[in-house]
Amino acid sequence: MDAAAPEERHRTRITRPDGRVVNVARFRGQLFVCATGCCCGRIDDGFPAVSTQLYHDEWERRRLRDIVHLTIGGCLGPCVLANVVLLLFNGHALWFHSVNADPLVLALYDYIEALLRADAPLSPPSSLADLQFSGSR
């Protein structure tokens, strides 16, 4: 499957506490980027910058908006690793640390597109494999 190809939108009907029934989109994944936490991206404290604009530009360019949601925000937890990214994909949590350079951001998006094409779990590419860790049990 081409990540840029339109994909059937799956939705779940949910009744909110106010009684209104809404359709909630279900994404294949979500990419969380720590950019404003206590260490990630804090160049004033000696940590590498986070390429927030590149994350957003690649997300738009690759037309992932309706497939993999992008959240650029605060602390994800493992602060000793800095510049942490969490990819939730098809119910699996994939953690990466030290995503400190633009080529790594591009490799991450290439990996997401490979996951979409395969429609199955894949090991990360060698450029990301050493940065993968377990963020929970």
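The values are calculated or read from the model by the stated rules, or taken from the named source; none is laboratory data. Note that the structure is predicted; figures quoted are calculated from it, not measured. Cβ: placed from backbone, ideal geometry, glycine included. Neighbour counts: every protein chain shown.
Step by step: first the residues of segment 1-52, then only those that are part of a loop (DSSP other than H, G, I, E, B) and of a type in the set (Val, Ile, Thr), then the one that is modelled with the lowest pLDDT. Which residue is that?
Ranking the qualifying residues of segment 1-52, first place goes to 36.
If the requirement is being on the phi < 0 side of the Ramachandran plot and out of contact with any Asp or Glu (no Cβ under 6 Å at 6 or more places or on another chain), which of these qualifies: 101, 82?
Going through 101, 82 in turn, the sole match is 101.
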